[in-house]
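The values are calculated or read from the model by the stated rules, or taken from the named source; none is laboratory data. Keep in mind that what you see is a predicted model, and the values were worked out from it rather than measured. FYI the Cβ positions are ideal-geometry reconstructions off the backbone, even for glycines, and counts take in every protein chain you see.
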Amino acid sequence: MMDYQIIALVLFLIGVACLGAEILLPTGGLLVVAALLFFACGVGTILYYGTGIEAAVAIGGLAVGLPAAGFVAVHAWRRMSIGGALESGIAEASAITMPQIVELEGLKGRVGKTATPMRPSGTVEFDARRVDAMTEGMMIEAGVWVRCVDVKGGKVIVRKMDAPSDITDINLDEPKPGPTRTDEFDLELDR
């Protein structure tokens, strides 16, 4: 008959193997649960057959070893190609910069026209500039007048509106003064 310490050690090693396999196999945490069950069975074996000191050592070893193994696993996962690719994808998704957000914030209250069908996202043209936008959930055809009602997390939110009655209704906010391309061209000719 096997000694209870050998049985407990084998259960612990199977648990460690399950944790290692979880890093390499996409099981969604099933191997982690299996590893925890093997660890619990190993500690239970020591508690049932062993002394109190042996049980305390086993529980203490797991209390220190499991967090250390988790730390090592996370660092190993980040160094692997799949971990690095996932993290770089997250960084690219949040690559919108502060100046871009400030620029988009300036569109609040502005009126534009849909350049593509909004299903519910698409492209809207504001002052001859195309911007990716989304509606509040409604679908809008191309060529429809819309107003920017909000900018959330770098996303321009638009709402369908009636066509403006004349050109003064289009831009509710006065454009910011500044040189235009023709002004800059005239300045260069004067030199």
Residue ID - surrounded by the most Cβ atoms within 10 Å (Cβ to Cβ), chosen from residues in segment 148-162 that are within 28 Å of the chain's Cα centre (by Cα) and at pLDDT 90 or above: VAL158
Since LEU19 meets every condition but one in (1) within 29 Å of the chain's Cα centre (by Cα); (2) surrounded by fewer than 16 Cβ atoms within 10 Å (Cβ to Cβ), which condition does it not meet? (2)
In segment 21-56, anything under 17 Å from PRO67 (Cβ atoms) and in contact (Cβ under 8 Å) with a residue 40 or more places away in the chain is listed as GLU22, ILE23
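Residue-wise test of (1) modelled with pLDDT under 85; (2) surrounded by 11 or more Cβ atoms within 10 Å (Cβ to Cβ); (3) not in a helix (DSSP H, G or I).
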position: GLU54; (1), (2), (3): no, yes, no
position: ALA69; (1), (2), (3): yes, yes, no
position: VAL72; (1), (2), (3): yes, yes, no
position: TRP77; (1), (2), (3): yes, yes, no
position: ALA85; (1), (2), (3): yes, no, no
position: SER88; (1), (2), (3): yes, no, no
position: GLU103; (1), (2), (3): yes, yes, no
position: LYS113; (1), (2), (3): no, yes, yes
